Every structure is written in C-alpha cells, then in structure tokens.
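These notes are about the structure you will find just below.
The values are calculated or read from the model by the stated rules, or taken from the named source; none is laboratory data. Computed from a predicted structure; not experimentally measured. Note that we place each Cβ from the backbone using ideal geometry, even for glycine, and neighbour counts take in every protein chain shown.
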Amino acid sequence: MVLALLRVRHPDPERVEAAIDRAVRWNVGMQSKNGAWGAFDADNTSPFPNRLPFCDFGEVIDPPSADVTAHVVEMLAEVGRAHDPRARRGLAWLLAEQEPCGAWFGRWGTNYVYGTGSVLPALAAAGIPPRTPPSDGPSAGWSGCRTTTAAGARTSARTTTRSAGPGAAPPPPRRPPGR
C-alpha cells in the first residue's frame, strides 16, 4: 500500500504523508527478533499451536518469510530508509535465507518464483548490487543461479525455468514451513 501511496497525486498530500508514516511505523514494529517479517504477527513461530486438535487444516503460525520480508524491505528502501538498521537486519535475513540454488521460497505464493520475484526488487531497491558471474551457493548473489542438468551441462536458472525439458535440472525441493 505504501508503494502505491508514494505514487498518488492527492489533493491533500499531508494526509497521504501521514498515512505513509503510520504504515511505515506499523511495519517496522512488526519486525521479528530474527530481523524478518511475518504477514500478521511478529515472532509468531512457536510450533505448539500446530499441535492443537482443531488445527488439522495446516499451519496456524505466522513465521517470517522471504516474500513478506522482501515487501517490507522494498517499502523501507522506497521511503528512504534502506540504511535503517531494521532494513539492514531484514536484508541480512534475506541473504541468509537464499537457497543453495540462489532462489528464495515465497510462503504466500507457495513457490520459488514468487519468493525470488519478491526478493529481487527489494534487493535492488535497497541498493544491493547483483554479483556477476554467478556461482553456486548463497554467495552467488542474486543475478541468477546456476544448476547442473542431468547431462552435466551448466545452465542458468533463467534458461532452465523457461526451457525445462528432458535433462533439465529439477526445481529445488519445497522447504518445510517455518524454516
């Protein structure tokens, strides 16, 4: 919402600014101790509620996720707070959560495309440059990930996902919730 409000021409700009300020303060207050953000609550990571008998419909906790954290970091960068310690903690968490193949899992989009597609704009907005050439592992930066096909050929994730066919590398395994 903040990103949209930043682009609105409103007859009462002070009112828009006040709404943005409130939203930024609220989001900053929702940061979890580990530096990341969940969708509805801070530090809501206890596995206990999942064991309650009426919780047979899936996960009921709200652990921090790469997609939500990325949205908040991008918002902080867009309002000029990319170097705020809270934004930097969020960035550090995001970089630590990068999968070995270079992707990020998006809990709310329930896939790697959504997670990675949320994180990359946040990293760019916060001034984190892509590292080239990409290499294997979390230190690969975010410019792409390389993977090995069944035939042993090295390819980038961009071509693998677009032209996955015989011999293409399988997608990374789905992460368990709350990791």
Q: Name the single residue, out of those in the range 1-57 being β-branched (V, I, T) and not in a loop (DSSP other than H, G, I, E, B), that is farthest from V72 (Cα to Cα).
A: V16
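Considering each of L94, L52 in turn, give the residue that is aliphatic (A, V, I, L, M) and surrounded by fewer than 16 Cβ atoms within 10 Å (Cβ to Cβ). Steps first, answer last, please.
On the way: L94 fails: surrounded by fewer than 16 Cβ atoms within 10 Å (Cβ to Cβ).
Every option except L52 fails the conditions.
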Q.
Among the residues in the range 62-70, are any small (G, A, S), surrounded by 19 or more Cβ atoms within 10 Å (Cβ to Cβ), at pLDDT below 95 and not in a helix (DSSP H, G or I)?
A. no
